[in-house]
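Below is one structure, written out as structure tokens; comments come after it.
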Amino acid sequence: MENPKNNIKDPKVRAYFEDITEGKEPSVRLSADELEKGINQFDEGMKKVLAEGDEMIIRAKMGEMAKALSLSYIAQKYFGKSRAWLMQKVNGNTVNGKTAAFTESERQQFREALQDLSKRISAIAMTI
């Protein structure tokens, strides 16, 4: 998982945040502008970490169910996309140099697709 401090470009500012996050007295002093810039870059790094964590949670929650469900069917029916597209999102593959991830609307759409399938499977199970 990416370290949010890696998002800080200035080595001096990064050193300051490394000391702070390790509970040490900072070895360097920053101007107010440097501190603000560092906070903003650290915040962006944290957003990346949280997004990566969200994707890991989806993969973990899917677990073996990804094998049991037809991801080709889900991709085509609910997204109009290919199985490869959905697998890239679920697995967090790197595509064109970027990690494939669900947008918030795609995440909601995926959630609704799984809920729909759950209802349909339950209805069939009740008739057997």
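Each reported figure results from applying straightforward, stated rules to the coordinates on display, with no laboratory input. Worth saying up front: this structure is predicted, and the values here are computed from it rather than measured. Because the Cβ atoms are built from the backbone with ideal geometry, glycine has one as well, and the counts that use them run over all protein chains shown.
Starting from the eigenvalues of the Cα gyration tensor, five times each then square-rooted, give me the equivalent ellipsoid semi-axes of the range 7-78, largest first, whole Å. Don't skip to the answer; put the middle values down first.
On the way: eigenvalues 350, 35, 10 Å².
Here the semi-axes work out to 42, 13, 7 Å.
Can you tell me the length gained on complete extension of the stretch ALA123 to LYS61, counting 0.36 nm per residue apart and subtracting the Cα distance?
On the way: separation 62, 0.36 × 62 = 22.32 nm, distance 2.28 nm.
Length gained, ALA123 through LYS61: 20.0 nm.
In the calculated pair distance distribution of the range 35-128, what percentage of Cα-Cα distances lie above 16 Å?
Working: 2733 of 4371 pairs.
In whole percent, the long-distance tail amounts to 63.
What is the angle, in °, between the Cα long axis of helix 11-21 and the longest principal axis of the Cα atoms in the chain? Nearest 10 is fine, range 0 to 90.
Here the helix axis deviates by roughly 70 degrees.
Helix-only estimate, please: 222 nm mean residue ellipticity of the chain, summing -39500 (n - 2.57) across DSSP H runs of length 4 or more and dividing by its residues, to the nearest 500. Walk me through the intermediate numbers first.
Values: 6 runs with 83 residues, N = 128.
Calculated mean residue ellipticity at 222 nm is -21000 deg cm²/dmol.
Quick one: length gained pulling ALA68 to ASP116 fully straight, 0.36 nm per residue minus the C-alpha distance?
15.7 nm
Compute the FRET efficiency between LEU35 and GLU104 as 1/(1 + (r/R0)^6), taking r as their Cβ-Cβ distance and R0 = 41 Å, and round to the nearest 0.05. Walk me through the numbers on the way to the answer.
Working: r = 31 Å, r/R0 = 0.75.
Efficiency, from the Cβ-Cβ distance: 0.85.
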